[in-house]
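Data first, discussion second: the structure below is written as structure tokens.
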Amino acid sequence: MPHWCALERSYGLGAGSSRTVAAARDVLAGNRRGWRALLPFTGPAFVASVAYMDPGNFATNIQGGAGFGYRLLWVVVLANLMAMLFQALSAKLGIATGKNLAELSREHTPRPVALAMWIVSEIGAMATDLAEFLGVIIALYLLFHVPMLIGAILTGVVTYAILSLHRYGFRTMETVIGSLVGVIAVCYVVETLLAKPNWSEVLYHSVVPWLGGSSSVLLAVGIVGATVMPHAIYLHSALTQERIVPQESGQVGKIVRFAYIDVVIALTIAGLVNLAMMYMAAAVFHATGHSGVADITTAYRTLTPLLGGLAALVFLISLMASGISSSVVGTMAGQVIMQSFVGFTVPLWLRRVVTMAPAVVVVALGLNVTQTLIVSQVVLSFVLPVPVIALVVLTARRDTMGSMANARWLTALAVLAGGAILLLNALLVLQIRTG
């Protein structure tokens, strides 16, 4: 049985639906043009983009905006541009090779290195699951007063139910996740209208870098970790590797260009949502003397007297949509990482139970959930160089990518982006050691 069949049975990843593939063939044959030509190729980037709007983003962006106003917006912009670059390369890798990043990493590295990469990537997947579960647990508690332990169980059940939709085709899964992305985006349009940010400050600090003391460096690294997600880089290549398979070499470039458009649209939406999270916190909390707002619960309770009940309700709805959708995507990515690196899988229900465990422990011990969210994002930032380095190396190799190998300027740009991540991590370590 082919290796990929197990993944396809688990979530419906792999080949696109017959209707999607037929529509894509029409486009590639020149029979469908305009915006309708893009539709068969959209979906993978929207699924991956959920990782860039997960509860970890809420925690880091709210704390960043409340504590430092608009001054860390440039980190959000930088992180989102890096995310676009890496997700585009990941999508291209899957299309050009028919394999995903984890599979190729296993094939092109010695077994001990591959196992080490798997272990590090699994740690990243656990940190991701922790953040996503905690986000939904907080939202359920604040919205419906559901005890947090029960909220953890409900979150596991809901995400398992959504994952089970693969039996109706993966396009159904893409539609559900895309709808949740739409809910998050609409919520932040409403929040923007209510918060009324200072647009000149937003524009200025989106392009002018600033870093203060150790706390701002910690948050900057957390923002990068929350935005450029390791598991999303692995997953994107799996989403594209057998979705629309080129039938001739000339089609590869066309499919890749459509994938790039998909990435730009999906991650532009994700980037705007992240900016909105931070400038909303800057306008509502920092500007009104509430710079001490450092957790999601306090943010919710402070929003009500400042902007009214509607703002607080919309905030929690967006948090719940974020947590549920990113939990689904995180489970998919975790299974891809496990199967592709080591060649075995576990039942879907068992993986859900295992990934619930860290969140249950955090709740049971009474730890600060928002601070735990931020720490999980810093962990992701340290894990991130593993898939980034593998991705840059593999996409630059002609023996792997053929004619779709990166141009030298693109490889240089990817190396520069990876170097920026390593620099932020080094700054954090230096700040921790000196103070």
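Here is a list: V27, V47. Which entry is in a helix (DSSP H, G or I) and more than 25 Å from T227 (Cα to Cα)?
So the residue among V27, V47 that is in a helix (DSSP H, G or I) and more than 25 Å from T227 (Cα to Cα) is V27.
Can you confirm whether L384 is touching a Phe, Trp or Tyr at 6+ places or on another chain (Cβ under 8 Å) and under 20 Å from V120 (Cβ atoms)?
So L384 does not fit the description; no.
Checking the structure you have, find out if any residue of segment 77-89 is farther than 30 Å from P197 by Cβ and at pLDDT 95 or above.
Scanning segment 77-89, I find at least one residue that is farther than 30 Å from P197 by Cβ and at pLDDT 95 or above, so the answer is yes.
Which pairs have Cβ atoms under 8 Å, sit 6 or more apart or on different chains, and link a residue in segment 149-173 that is more than 18 Å from P358 (Cβ to Cβ) and charged (D, E, K, R) to one that is outside any helix (DSSP H, G or I) and modelled with pLDDT under 80?
R167/G12; R171/G16; R171/S17
Could you please give the count of residues in segment 274-285 that are more than 16 Å from I223 (Cβ to Cβ) and assigned to a helix (DSSP H, G or I)?
2
Kindly indicate whether A299 is under 25 Å from the mean Cα position of the chain (by Cα) and within 30 Å of M401 (Cα to Cα).
No; evaluated as a whole, the condition is false for this residue.
If I filter segment 156-168 for residues that are at pLDDT 90 or above, aromatic (F, W, Y), surrounded by fewer than 23 Cβ atoms within 10 Å (Cβ to Cβ) and touching a Phe, Trp or Tyr at 6+ places or on another chain (Cβ under 9 Å), do I get at least one hit?
Looking for residues that are at pLDDT 90 or above, aromatic (F, W, Y), surrounded by fewer than 23 Cβ atoms within 10 Å (Cβ to Cβ) and touching a Phe, Trp or Tyr at 6+ places or on another chain (Cβ under 9 Å), one finds none in segment 156-168, hence no.
Can you tell me which residue among P55, P44 is of a type outside the set (D, E, K, R), touching a Ser or Thr at 6+ places or on another chain (Cβ under 8 Å) and at pLDDT 85 or above?
Matching residue, one of P55, P44: P44.
Among the candidates S291, S237, S215, single out the residue that is in a helix (DSSP H, G or I) and modelled with pLDDT under 90.
S215
Test I184 against the stated conditions and say whether it is more than 24 Å from P385 (Cα to Cα) and surrounded by 14 or more Cβ atoms within 10 Å (Cβ to Cβ).
yes
What are the residues in segment 55-74 that are in a loop (DSSP other than H, G, I, E, B) and either touching a Lys or Arg at 6+ places or on another chain (Cβ under 7 Å) or surrounded by fewer than 24 Cβ atoms within 10 Å (Cβ to Cβ) (or both), if any?
Residues satisfying the conditions are G69, R71.
Yes or no: L13 at pLDDT 75 or above and within 26 Å of the chain's Cα centre (by Cα)?
no
Taking W118, is it touching a helix residue (DSSP H, G or I) at 6+ places or on another chain (Cβ under 7 Å) and of a type in the set (F, W, Y)?
Answer is yes for this residue.
For the subset of segment 240-257 comprising residues that are in a helix (DSSP H, G or I) and either among the polar types (S, T, N, Q) or within 20 Å of the chain's Cα centre (by Cα) (or both), which member is farthest from N80 (Cα to Cα)?
Ranking the candidates gives S249 first.
The values are calculated or read from the model by the stated rules, or taken from the named source; none is laboratory data. Since the structure is predicted, the reported quantities are computational estimates derived from the model, not experimental observations. Neighbour counts run over all protein chains shown; Cβ positions are idealised from the backbone, glycine included.
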